[in-house]
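The next block holds one structure in the form of structure tokens; read it before the comments.
The values are calculated or read from the model by the stated rules, or taken from the named source; none is laboratory data. Note that this is a predicted model, so its numbers are computed, not measured. Positions of Cβ are backbone-derived with ideal geometry, glycine not excepted, and every protein chain shown enters the neighbour counts. To get the accessible areas, we keep the full protein, side chains included, count just its heavy atoms, and leave off ligands, DNA and RNA. Shrake-Rupley method; radii C 1.70, N 1.55, O 1.52, S 1.80 Å.
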Amino acid sequence: MYGDHVNLLPIPGEALFLPGFFSGEESNEYFNDLTTGVAWKQEPIKIFGKTVLQPRFTAFYGDEGISYSYSGITMNALPWTETMTKIKARIEEKYDARFNACLLNHYRDGSDSMGWHRDNEKNLGKYPLIASVSFGAHRIFQFRRYVEKIPIISVDLSHGSVLIMKGETQHYWEHRLPKTVQVTSARINLTFRLIID
Ligand SMILES: O=C(O)CCC(=O)C(=O)O
Ligand SMILES: [Mn+2]
């Protein structure tokens, strides 16, 4: 099943990258639909006791009754849109996985970003499988070891690509989407997750 992927990380952890999982045509359609068809919000978050706006827009969709807490905010899932359901079904089939939630990110241009973090919330379980789908502008995504903070592994997340993070990835690696002056257009990212409680 993974023969067509590139494994980006030395062990421990597994990050599998598959560019072009969605065709250019499908990806354009999904990008346009998600740009206008998602309830995007720029949320305030608390960092070191100070309230600031997140440097991106986000939304949270999922099965009924699912909620998700991180960085001091709790998001209640909105019901899946038709487009999200289609994308989710394709990923679930390919990876023999199941997801009940999706955190979406909208980066207006290269000045929007996401800082170093791990997706290690308790309610994702010990070995979460997270599927990250990208549409729109290419952006560099980076991994670094959590303990030593080096080295950095970079991947170009392209239009229609899928990145799977699984196994012990969230134990040993942090990831981020750095700012860049080179990108002047928008990117949309969907991270499908299975929330266990
Ligand atoms: O935009 C990305 O590729 C990163 C998203 C991410 O790491 C997250 O939502 O937890
Ligand atoms: Mn993440």
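Descriptive notes on the structure:
- Rounded percent of accessible protein surface that carbon and sulfur make up, the range 53-197, 1.4 Å probe: 52
- TYR107 contributes about 10 Å² of solvent-accessible surface, heavy atoms of the protein only, 1.4 Å probe.
- Alpha-carbon centroids, the range 106-140 and the range 154-196: separation in whole Å: 4
- In sequence order, calculated HN-Hα J values of the range 157-164 (Karplus, 6.51, -1.76, 1.60; Hz; x Gly/Pro): 7, 8, 3, x, 8, 10, 10, 9
- Under Karplus coefficients 6.51, -1.76 and 1.60, residue-wise ³J(HN,Hα) of the range 25-38 in Hz, glycine/proline x: 5, 4, 5, 4, 5, 5, 4, 4, 5, 6, 4, 9, x, 10
- Estimated translational D of the chain in µm²/s (Stokes, Kirkwood radius over Cα pairs; 4 °C; 1.567 mPa s): 76
- Placing a pseudo-label 7 Å from each Cα along the Cα-to-Cβ vector at SER67 and ASN28 gives an inter-label distance of 4.2 nm.
- Remark: the chain carries 49 Å² of accessible area per residue (probe radius 1.4 Å; ligands, DNA and RNA excluded).
- Positive-end extreme of charge dipole, the range 18-66 - chosen from TYR61, GLY49, PHE22 (charges on Cβ): GLY49
- With the charge dipole of the range 6-193 set up from +1 on Lys and Arg Cβ and -1 on Asp and Glu Cβ about the Cα centre, the Cα lying farthest toward the positive end among the listed residues LEU34, GLY72, VAL183 is that of GLY72.
- A simple rule links phi to the HN-Hα coupling: the Karplus curve 6.51 cos²θ - 1.76 cosθ + 1.60 with θ = phi - 60°, which for the range 90-100 gives 5, 6, 4, 5, 4, 9, 6, 10, 9, 10, 10 Hz, with x for Gly and Pro.
- Subset of LYS46/LYS179; LYS88/LYS166; LYS94/LYS122; LYS41/LYS166; LYS86/LYS166; LYS41/LYS126 violating a 24 Å alpha-carbon distance limit: LYS94/LYS122; LYS41/LYS166; LYS41/LYS126
- Computed about its Cα centre, the charge dipole of the chain is approximately 760 debye, with only Lys, Arg, Asp and Glu carrying charge at their Cβ.
- Taking every DSSP helix (H) stretch of at least 4 residues in the chain, weighting each as -39,500 (n - 2.57) and dividing the sum by the residue count yields a mean residue ellipticity at 222 nm of -5000 deg cm²/dmol.
- The range 6-193: relative contact order in percent, alpha carbon pairs under 8 Å with at least 6 residues between: 30
- Extension gain from LYS86 to ALA39, taking 0.36 nm per residue of separation minus the Cα-Cα distance: 15.1 nm
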